[in-house]
Amino acid sequence: MNLRTRKMKGNAMIILVALAFVIIMIPLMSMLYMIAIRGIGAISLEFLTSLPTPPGEPGGGVGNAIQGSLMLVATASAISIPISIMAAVYISEYRGKLSSAIELITDVLSGTPSIVAGVFIYVLIIPRTGFSALAGSLALSVLMIPTVTIASYESLKAVPNHIREAAIALGVPKWKTSLFVVLRSAMIGIGTGVILGIARISGETAPLLFTALGNMYWNEGLLQPTSALPLLIYNYATSPYRSWQAQAWGAAFILLVIVLLLNIGVRIVARKR
Amino acid sequence: MSSEIEIEDLNAWFGEKHVLKDVSMEMEKNRITAIIGPSGCGKTTLIRCINRMHETVPEARVEGRILLNELDVYQEDPVSIRSRIGMVFQRPNPFPTMSVSENAVAGLKLRGTRDRSVLAEKAKEVLMAVGLWDEVRNELNKPGTSLSGGQQQRLCIARALAVEPEVILMDEPCSALDPVSTMRIEDLIYRLRENYTIIIVTHNMQQAARISDRTAFLYMGELIEYGPTKRLFEKPENELTERYISGRFG
Amino acid sequence: MGSREKFDEELREIYRMLMEMGDIAVSSISSAMEAVEKLDEEKAKVALQNNQKSFELMRGIEDKCTELLMLQAPVAGDLRRIITAMKVSIDLNRIVRYAKNISTLALDMVKEREGHFKKLVGLKGMKKTTIEMIEKAMKALFEKDKSLALEVYEEEKDVDALYEQIFRELITYMVEDNRKITRGVRYLLAGRYLERIADHACNIAEGAIYVATGERISPE
């Protein structure tokens, strides 16, 4: 093969790759464009801070959905992060008899459709307590735990073994080595995993449908049904009312910005490495 | 305080692989014992048995006795044994998340010392002991990994000293360093001999000849010859030893 | 060629040179003594020429050994062979110089135009034994034979005894007849040089034992 045909082949490949890139970017950019164009118009201070109004009435906002989303995500994180990190430490550092089982379960769970998580909590908890923010958080935890566990496990595995040996050889007990040396060394990776986990659950709708249910008022506690941005978007977007549909675009825009910020956060954290 | 080590009929395995075979030897107090031998001869395993690091590897197994001042190491709590028998590794491995001074006293801190003035004082003491204080006194808060390779290794030696061990094991401590850093570490090791019993594994026969008092030659898991360094390098008794140290192996 | 093979090659070359020095030493002694016995000027000159050759070989060995020590950091048997090669080359060079001294004595005697006033039985005996000692010591060195090297020490006692004998005999001659003093002193010096040569042969034997076993024999 001579130089010319090789060059031509190379150029052809570059064109193909560029084409693939454009094909991927078209839907993404058009989605972002559409949400931004339709959503930005709805954004105002009132929109961010006030309660929804009944259909047809002007004004109103999604303040309670933002509050609810924050509450759900915070509670789910409070449940998931410690469990996930401890599980990851167990699999990576202790390699006990259960560790391969945990690894397998985590892998299966991470592939679970989110609606299944919702149904699971719905069946398990709702009959006893009724719809609540807590139930919603639990459903989100079912989704978050595998994500954070896998990310934490991977970053613990990436801690070089000589770091563990250095601590052990100083006469530091194993558990202290795991918590104060290995875990600390893996913190950046774990932090990245946590943010990705949060980003994932903040957009989830399906598990909340059966658990948090939704609410038109300010959320008053973990044991009450609560609203959330994805829920609100789902309800408003499927409603026949124009004003609600417009507000759904606004809420979608807010959600998009939050997820985008979280992803940027991941990049900043990861760059520190 | 420094202690002597006595090894009796030590056998060690990795799974099915028998890596140390009936090794018996004594390491004298306040002396430097060098362990030499070709790669895979079991020299690193030998010292890792002494501070019970060998058993931290899955499938690893040990039989036989190791006495630290007549105290059977294998009857004691490994954590406390490891604080009495320090170790320095092949590659400098300061904790990447800790500063220079935190690294120096990491052992103490992780083992429960909280008093900041005690820790700061100890950090200075051990950094001085390894000749690093003047070089890093203005960089105590920088990450330990920001130092040069030779400095990192001295930091690791300081870290081992801070726990106040009686014996220090060194696993090819200079193999990742340049010649000048190597010489500094060798001088340091020689000075440490006054207060510690030192056992050093080395690939570098000239290094063993330069700094050690006694040298052991290990081959395929067996202790072939052990004696005063000068004697071993001038007139080895065993043909294998002779061939190995004069570079006519295999 | 690997560096170890080069090292072995160099070490072999050093010992080849050492063997050549040994041959030169032996032939120097025998021609010097023949010059004395037969008052032969030509033979005396052979030993004089050997001196320069021996010196050059010694320097060559020194250079090669220095290079090996510097570049290869030899240990164990290698180290012992190199150290010993340097020392033995110095001994052999000394021996050649003593042979040269004997040749000078022969030349002086030739100039005196006088025959021997006695048969040189004792000196002949000393020559024979010293040559044998050098040959044995060199053989012991090459064959790493300790017992052969120890024989050299035994023979040194014979040389000493012969020298003692010559000494007393010549004193008697010189006391009886003071015209014999000049020649008598020359015989005595030749004996003295041979006795020194035997001493150096013992040093070579000592080196042979060191190469063979690493032991250092102390001279008695």
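The values are calculated or read from the model by the stated rules, or taken from the named source; none is laboratory data. Because the structure is a prediction, the values reported are computed rather than measured. Don't worry about glycine lacking a Cβ; one is built from the backbone with ideal geometry, like all the others, and counts go over all protein chains shown.
Observations
- Meets criteria (modelled with pLDDT of 90 or more and closer than 26 Å to C:Lys124 by Cβ) for C:Ala190: yes
- Whichever residue in segment A:2-57 is in a helix (DSSP H, G or I) and of a type in the set (Gly, Ala, Ser) and, among such residues, is farthest from A:Leu255 (Cα to Cα): A:Gly10
- Within segment B:228-242, considering residues that are more than 7 Å from chain C (Cβ to nearest Cβ) and buried (at least 16 other Cβ atoms within 10 Å of the Cβ), the one farthest from B:Ala209 (Cα to Cα): B:Leu240
- Only one of A:Ala166, A:Ala158 that is of a type in the set (A, V, I, L, M) and either crowded, with 24+ Cβ neighbours inside 10 Å or closer than 23 Å to A:Leu261 by Cα (or both): A:Ala166
- Applying the criterion of being within 25 Å of B:Thr182 (Cβ to Cβ) and surrounded by fewer than 19 Cβ atoms within 10 Å (Cβ to Cβ) to the residues of segment B:203-226, the residue that is nearest to the other protein chains (Cβ to nearest Cβ) is B:Gln206.
- Checking B:Glu135 against (1) under 21 Å from the mean Cα position of the chain (by Cα); (2) more than 11 Å from chain A (Cβ to nearest Cβ), the condition it does not meet: (1)
Per-residue answers, yes or no, for (1) under 21 Å from B:Leu110 (Cβ atoms); (2) within 14 Å of chain B (Cβ to nearest Cβ); (3) buried (at least 18 other Cβ atoms within 10 Å of the Cβ); (4) free of Cβ contacts under 8 Å to residues at least 24 places away in the same chain:
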site: A:Trp175; (1), (2), (3), (4): yes, yes, no, yes
site: A:Val182; (1), (2), (3), (4): yes, yes, yes, no
site: A:Ile190; (1), (2), (3), (4): yes, yes, yes, no
site: A:Val194; (1), (2), (3), (4): no, no, yes, no
site: A:Ala199; (1), (2), (3), (4): no, no, yes, no
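- Residue list for segment B:54-94, filter: outside any strand (DSSP E or B), in contact with a Phe, Trp or Tyr (Cβ under 7 Å, 6 or more places away or on another chain) and among the basic types (Lys, Arg): none
- Summed over segment A:90-104, the residues that are touching a residue at least 40 places away in the same chain (Cβ under 8 Å) and among the charged types (D, E, K, R) give a count of 2.
- Of the candidates C:Glu20, C:Glu62, the single residue that is under 17 Å from the mean Cα position of the chain (by Cα) and not hydrophobic (A, V, I, L, M, F, W, C) is C:Glu20.
- Sub-9 Å Cβ pairs linking a first residue in segment A:105-131 that is touching a residue at least 24 places away in the same chain (Cβ under 8 Å) and assigned by TED's automatic domain parsing to the domain that holds A:Thr205 to a second residue that is assigned to a loop (DSSP other than H, G, I, E, B) and surrounded by fewer than 17 Cβ atoms within 10 Å (Cβ to Cβ), at least 6 apart or interchain, are A:Thr129/A:Leu223; A:Gly130/A:Leu223, ordered by first then second residue.
- Filtered by the rule that a residue be more than 7 Å from chain A (Cβ to nearest Cβ) and of a type in the set (Lys, Arg), segment B:83-114 gives B:Arg84, B:Lys109, B:Arg114.
- Considering segment B:145-163, the residues that are among the small types (Gly, Ala, Ser) and within 11 Å of chain A (Cβ to nearest Cβ) include one that is nearest to the chain's Cα centre (by Cα), namely B:Ala160.
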